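Here it is: the structure, laid out below.
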Amino acid sequence: MKTLFYSLIFGVILGLMLHGCAKQPETIVIEDSPESPQAPPAPDTAVSPIETADFRQLILGEIHPVPTLDPLFADNNSAKRTLQLLYEGLVRYDRDGEIVPAAAKRWSVGGDSLSYVFTLRNDLYYHDSDIFSSGLGRKVVAGDVKFAFERMARNGVPSDAAELFMAIEGFQPYFQEQHNVLNPAYRQISSVSGIQAPNDTTVAFVLDERDPHFLQKMASPYASVYPSEAVAENPLDFTPVGSGPFELSQQVGDSVYIFSEFENYPRPGGDPSSLDRVDVVIEQNESNLLKALAAGDIHAIPELGPQIIRNILTPQGELSPAYSTDYIFSTPGGFTTYSLLHNPASSVSRSGVRSIFSRVDPAPLSQNIPADIVQVETVPDSVSVPSAEQPSTIYSTFWTDPFQRWFLQQLSTQWRGQPKLQIVNIRTPSKHTALYTSSFVPFYPGHSAMINSNMLVKYTVKQATLSINEIEDLRFNRYPWWINVRTVDMPGIDEL
């Protein structure tokens with residue numbers, strides 16, 4: 001089961017690579033076991049896996065590209081899962097979708113539910129990195145949390161994270177000024193008033209209005225905490241340094257990320273992780289990804305694409321006999337919602353596009369995929385408009401997600417060239433692209449995609465995973481971007 005890929009990987013040595021007017025909290029919500037302050041962690045002394053007979057290495061095969069490890073630029077489930085190896089937020093989800101402590105050991109909520117006060121752990125340090133003057137990871141402090149949240153609102157980064165936290169007092173004005181007053185010299189707001197760090201272990205949030213899902217939003221990968229030293233003047237110049245259970249040891253282009261165990265990560269009871277290393281291998285070709293699993297080059301695929309699902313499942317949604325002996329298939333319950341929409345700014349009218357989709361049959365669009373995995377529905381037009389002439393060619397934006405590509409292919413097949421569907425190699429719709437796609441994943445209970453007046457077809461895809469039998473306790477939950485490798489148990493690399 002050893003291949004040239006393993007030879008390459010084994011040859012790599014793991015390296016160093018309150019607010020002032022807020023009310024006092026009235027209700028204690030949760031507290032982790034207390035801990036005592038510790039000295040800064042010693043330099044990493046991890047050894048190469050080739051020197052250790054029982055070295056435990058988990059290799060995950062991800063289907064989406066991961067071009068950066070900057071939490072604010074994570075635009076797909078693969079990127080969000082990878083971030084959870086490297087970073088810690090104030091809180092996180094557990095396998096049951098419940099909020100548990102992470103960088104914060106406890107928190108309290110004011111009686112009016114408008115103030116949240118978090119107390120940080122005393123024993124949480126960043127990974128060693130050259131971004132620190134000493135080369136050693138410093139302690140995580142409350143100022144890092146304030147910095148990370150205010151960076152969400154700044155110009156030059158995607159707004160996905162900021163949209164989750166607009167309820168924080170002063171967040172929206174700060175966001176609006178950052179995006180609309182492009183000359184920094186003209187800006188009047190220097191920070192978000194509703195985020196305060198009165199000392200190194202306390203960070204307080206004051207809200208303009210109640211947000212019943214505020215803690216759940218805090219558990220998203222967008223709310224990861226990182227040091228200000230990691231961010232350069234150019235938003236794209238970001239050094240991935242976190243305080244999570246694994247640290248980045250090696251990166252091979254955008255296709256392989258190698259993470260080694262962070263030995264100074266504070267674990268309950270002081271128990272070390274059962275994994276010495278986690279590799280994330282990006283392979284967007286589904287056929288190659290499945291072959292890599294069969295060859296032992298990867299051990300698990302956290303999110304299956306349509307081609308793999310069609311190959312490994314029976315029409316009843318069960319793992320086919322050819323795979324059932326050696327692999328574990330699961331559907332944890334998470335889902336992604338995809339949409340195909342009409343671009344109102346295009347040269348093709350709404351009525352022209354609607355007339356084409358009036359004859360779309362949703363059933364064949366999920367051909368040979370169990371109904372439990374993919375559900376497709378056309379969205380009726382909410383506005384009655386006169387019919388218009390159908391165009392001979394429809395242009396659509398391009399996206400890397402395998403389900404979006406697959407859906408467009410199925411749609412083109414059903415149309416039988418009338419009209420002709422062409423995919424343009426751009427991601428942002430223009431006047432030349434009548435169709436564009438979007439995707440949505442939930443971050444909290446009840447979080448769902450809004451029905452857009454331009455939406456033509458919506459299809460929901462349930463997360464499906466596949467892993468070798470030798471892996472135990474690789475955990476997922478109802479959010480498709482969530483993964484937990486902290487509890488994984490598996491044999492040494494030589495025993496696989």
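Counting each DSSP H run of 4 or more residues in the chain as -39500 (n - 2.57), what helix-only mean residue ellipticity at 222 nm follows after dividing by all residues, to the nearest 500 deg cm²/dmol?
Computed mean residue ellipticity for the chain: -5000 deg cm²/dmol.
Sticking with this structure for a sec: Packing-wise, with mean Cβ within 10 Å as the measure, how do 201-208, 91-98, 323-330, 394-401 rank, highest first?
Order by mean packing, descending: 201-208, 394-401, 91-98, 323-330.
Show me 104-114, 147-157, 366-376 ranked by packing, highest mean number of other Cβ atoms within 10 Å first.
147-157, 104-114, 366-376
Which percent, nearest 5, of DSSP beta bridges in the chain are antiparallel?
For the chain, the DSSP antiparallel bridge percentage is about 85.
Let me ask another. When the gyration tensor of the chain is built from Cα positions, what are the square roots of 5 times its three eigenvalues, in whole Å, from largest to smallest?
38, 32, 20
Let me ask something else. Whole angstrom only: what separates the Cα centroid of the range 286-331 from the Cα centroid of the range 127-192?
Their Cα centres are 41 Å away from one another.
Over 32 Å between Cα atoms: which of Lys80/Lys105; Lys291/Lys462; Lys105/Lys458 fall into that group?
Cα-Cα > 32 Å for Lys105/Lys458; rest within.
Could you tell me how far the Cα centroid of the range 384-444 sits from the Cα centroid of the range 482-496, in Å?
Computed from Cα coordinates, the inter-centre distance equals 40 Å.
Taking 8 Å as the Cα distance limit and 6 or more residues as the minimum spacing, I'd like the relative contact order of the range 357-496 as a percentage.
Here the relative contact order equals 26 percent.
Tell me the volume per residue, in Å³, of the convex hull enclosing the alpha carbons of the range 335-462.
107
Laboratory data are not the source of any read-out in this text; all were calculated from the coordinates shown. Everything numeric in this text was worked out from a predicted model, so none of it was measured. Here Cβ is always computed from backbone atoms with ideal geometry, including for glycine, and neighbour counts include all displayed protein chains.
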